[in-house]
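K.L.:
Take a look at this one; I'll ask things after.
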Amino acid sequence: MENSGFVWLNNELTPLERAAVSVNDRGFLYGDGFFETLRAEDGRPQFLGEHLARLRDSARAFRIPFPEDFPWSERLNRLLAANGLEQGVARLKILLSRGTAPALGLPPATRPTLVIWAQPYTPPGPEEYARGWNLATFPERRTTFMGKHKSLNYLFYLAARQYALDQGANEALILEADGLVSEGAATSLVYAQDGGFYTPQAPSALPGVTLEVLGRGLARRGLALTHQPTTLSQIAQAEGFWVTNSLMGVMPVSSLDVRELPISPATGMLQECLDSEALLPPRN
Ligand SMILES: Cc1ncc(COP(=O)(O)O)c(C=O)c1O
């Protein structure tokens with residue numbers, strides 16, 4: 001994280017070095033909160049409505065009041081401007097925690113904590129997209145209802161990513177407890193098979209905003225993104241395999257556990273699906 005600039009701390013635009021939350025904040029104590037990471041292009045947050053819907057759904061499910069009246073677009077625009085990020089690509093991070101409340105369970109939150117960061121982001125270069133990413137299968141399987149939420153309990157995903165990095169790979173592939181394919185450590189998975197596009201149907205995979213948008217973009221082209229239970233051998237035999245997230249878009253995968261995979265020419269079309277959806281009026 002950059003150590004200069006401004007963040008929103010609740011309703012205050014605050015210099016980063018003065019932005020502090022209580023040591024009793026439950027986000028810090030228990031990971032009791034949620035976050036969203038968005039991409040902004042030339043000052044425009046991408047797919048804000050979808051990200052806020054996911055954050056709102058998680059907050060409701062865990063009884064954290066969602067700041068319904070917060071003027072999101074205006075605040076994000078001001079934050080981007082305060083950090084000199086009206087041009088080019090930026091990363092926005094929105095964090096909502098329960099705040100302080102002294103009980104176990106999910107006690108009522110009278111003052112949830114909202115923090116929003118805006119930082120410069122350098123996307124991977126064209127060579128990296130052309131080369132593709134290497135994935136390594138994380139040996140620790142997981143199935144948990146928390147997987148559907150982008151919670152502050154991110155340690156499993158950090159450990160998975162570190163495992164991949166230690167193997168010389170870029171990203172981890174995570175399996176459900178039954179061995180079926182779930183998602184990446186910070187990415188959703190898409191693969192091509194028999195000319196169609198698929199994503200694993202998995203009980204603990206985060207409902208990715210990029211996946212959702214990709215599904216809409218493909219539907220507009222008369223194609224489908226089908227959720228189906230997926231084995232590792234289906235991935236190994238796929239005609240194309242990609243990892244997706246809000247910052248990177250669509251990144252081809254060129255190997256899984258050191259086995260080479262074909263780079264599919266469909267990458268450009270998939271990215272174009274995202275780009276064209278981003279140009280449509282926002283859905284809030
Ligand atoms: C575990 C996990 N899965 C999938 C994704 C991709 O989600 P999105 O497309 O909403 O960025 C992320 C994003 O960071 C993630 O953390």
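K.L.:
Give the number of residues within segment 261-270 that are crowded, with 19+ Cβ neighbours inside 10 Å and among the polar types (S, T, N, Q).
P.N.:
Going through segment 261-270 one residue at a time, the tally reaches 1.
K.L.:
Of the numbered conditions (1) more than 26 Å from Leu158 (Cβ to Cβ); (2) among the acidic types (Asp, Glu); (3) in contact with a Lys or Arg (Cβ under 7 Å, 6 or more places away or on another chain), Asp32 fails exactly one; give the number of that condition.
P.N.:
(1)
K.L.:
Scan segment 236-260 residue by residue and report those that are among the β-branched types (Val, Ile, Thr) and either within 16 Å of the ligand (Cβ to nearest atom) or not assigned by TED's automatic domain parsing to the domain that holds Ala136 (or both).
P.N.:
If the condition is that a residue be among the β-branched types (Val, Ile, Thr) and either within 16 Å of the ligand (Cβ to nearest atom) or not assigned by TED's automatic domain parsing to the domain that holds Ala136 (or both), then Val243, Thr244, Val250, Val253 are the ones that fit.
K.L.:
Still on this structure, please answer the following. Consider Gly43 carefully, then state whether it is closer than 17 Å to Val115 by Cβ and open to solvent by less than 30 Å² (accessible area, probe 1.4 Å).
P.N.:
Taking the combined requirement at face value, the residue does not satisfy it.
K.L.:
Okay, next question. Could you list, in sequence order, the residues of segment 182-196 that are surrounded by 23 or more Cβ atoms within 10 Å (Cβ to Cβ) and more than 10 Å from the ligand (Cβ to nearest atom)?
P.N.:
Correct list: Val190, Tyr191.
K.L.:
Say we look at segment 53-65 and pick out the residues that are buried (at least 20 other Cβ atoms within 10 Å of the Cβ) and more than 11 Å from the ligand (Cβ to nearest atom); which of these is nearest to Ser276 (Cα to Cα)?
P.N.:
Here the answer is Ser58.
K.L.:
Could I ask something else about it? Cβ contacts < 8 Å: first residue without any contact (Cβ under 8 Å) to a residue 24 or more places away in the chain, restricted to segment 60-73; second residue open to solvent by less than 30 Å² (accessible area, probe 1.4 Å), any location; separation 6+ or different chain. Result?
P.N.:
Filtered contacts from segment 60-73: Arg60/Phe66.
K.L.:
When residues of segment 146-170 are filtered for being open to solvent by less than 60 Å² (accessible area, probe 1.4 Å) and of a type in the set (Lys, Arg), how many remain?
P.N.:
Summing the residues that are open to solvent by less than 60 Å² (accessible area, probe 1.4 Å) and of a type in the set (Lys, Arg) in segment 146-170 gives 1.
K.L.:
Additional query: Among the residues of segment 219-234, write down those that are touching a Phe, Trp or Tyr at 6+ places or on another chain (Cβ under 6 Å) and within 16 Å of the ligand (Cβ to nearest atom).
P.N.:
To start, the set of residues in segment 219-234 that are touching a Phe, Trp or Tyr at 6+ places or on another chain (Cβ under 6 Å) comprises 225-226, 228.
The answer is Leu225, and nothing else.
K.L.:
Oh, and also: With (1) part of a helix (DSSP H, G or I); (2) buried (at least 21 other Cβ atoms within 10 Å of the Cβ) as the list, and Gln234 as the residue in question, which single condition is left unmet?
P.N.:
Result: Gln234 passes all but (2).
K.L.:
In this structure, does Val7 turn out to be β-branched (Val, Ile, Thr), in contact (Cβ under 8 Å) with a residue 40 or more places away in the chain and in a strand (DSSP E or B)? Let's see the steps before the verdict.
P.N.:
Details: β-branched (Val, Ile, Thr): yes; in contact (Cβ under 8 Å) with a residue 40 or more places away in the chain: yes; in a strand (DSSP E or B): yes.
Against the criterion (β-branched (Val, Ile, Thr), in contact (Cβ under 8 Å) with a residue 40 or more places away in the chain and in a strand (DSSP E or B)), Val7 qualifies.
K.L.:
To continue, here is another question. Would you say Pro102 is assigned to a loop (DSSP other than H, G, I, E, B) and in contact (Cβ under 8 Å) with a residue 40 or more places away in the chain?
P.N.:
Taking the combined requirement at face value, the residue satisfies it.
K.L.:
Looking for whichever is open to solvent by 60 Å² or more (accessible area, probe 1.4 Å), under 30 Å from Ser73 (Cα atoms), within 14 Å of the ligand (Cβ to nearest atom) and out of contact with any Leu (no Cβ under 7 Å at 6 or more places or on another chain) here; the options are Glu277, Glu212. Which one fits?
P.N.:
So the residue among Glu277, Glu212 that is open to solvent by 60 Å² or more (accessible area, probe 1.4 Å), under 30 Å from Ser73 (Cα atoms), within 14 Å of the ligand (Cβ to nearest atom) and out of contact with any Leu (no Cβ under 7 Å at 6 or more places or on another chain) is Glu212.
K.L.:
Kindly indicate whether Ala109 is of a type in the set (Gly, Ala, Ser) and modelled with pLDDT of 95 or more.
P.N.:
No.
K.L.:
Check whether at least one residue in segment 86-99 is outside the structural domain of Arg56 (by TED's automatic domain parsing), within 16 Å of the ligand (Cβ to nearest atom) and free of Cβ contacts under 8 Å to residues at least 60 places away in the same chain, and report yes or no.
P.N.:
First pass over segment 86-99, keeping only residues outside the structural domain of Arg56 (by TED's automatic domain parsing): none.
There is no residue in segment 86-99 that is outside the structural domain of Arg56 (by TED's automatic domain parsing), within 16 Å of the ligand (Cβ to nearest atom) and free of Cβ contacts under 8 Å to residues at least 60 places away in the same chain.
K.L.:
Could I ask something else about it? Of the residues in segment 10-24, how many are in a loop (DSSP other than H, G, I, E, B), of a type outside the set (A, V, I, L, M, F, W, C) and closer than 21 Å to Trp72 by Cβ?
P.N.:
Number satisfying all stated conditions: 2.
K.L.:
May I ask you to list pairs of residues, at least six apart or on different chains, whose Cβ atoms are under 7 Å apart, with the first in segment 204-215 being touching a residue at least 12 places away in the same chain (Cβ under 8 Å) and the second being of a type in the set (Lys, Arg) and within 8 Å of the ligand (Cβ to nearest atom)?
P.N.:
From residues that are touching a residue at least 12 places away in the same chain (Cβ under 8 Å), the pairs are Leu206/Lys150; Pro207/Arg54; Val209/Arg54.
The values are calculated or read from the model by the stated rules, or taken from the named source; none is laboratory data. As the structure is a prediction and not an experimental result, all values here were calculated from the model. Positions of Cβ are generated from backbone atoms using ideal geometry, with glycine treated the same way; all protein chains shown enter the neighbour counts. SASA here: full protein model, heavy atoms, side chains in, ligands and nucleic acids out. Shrake-Rupley method; radii C 1.70, N 1.55, O 1.52, S 1.80 Å.
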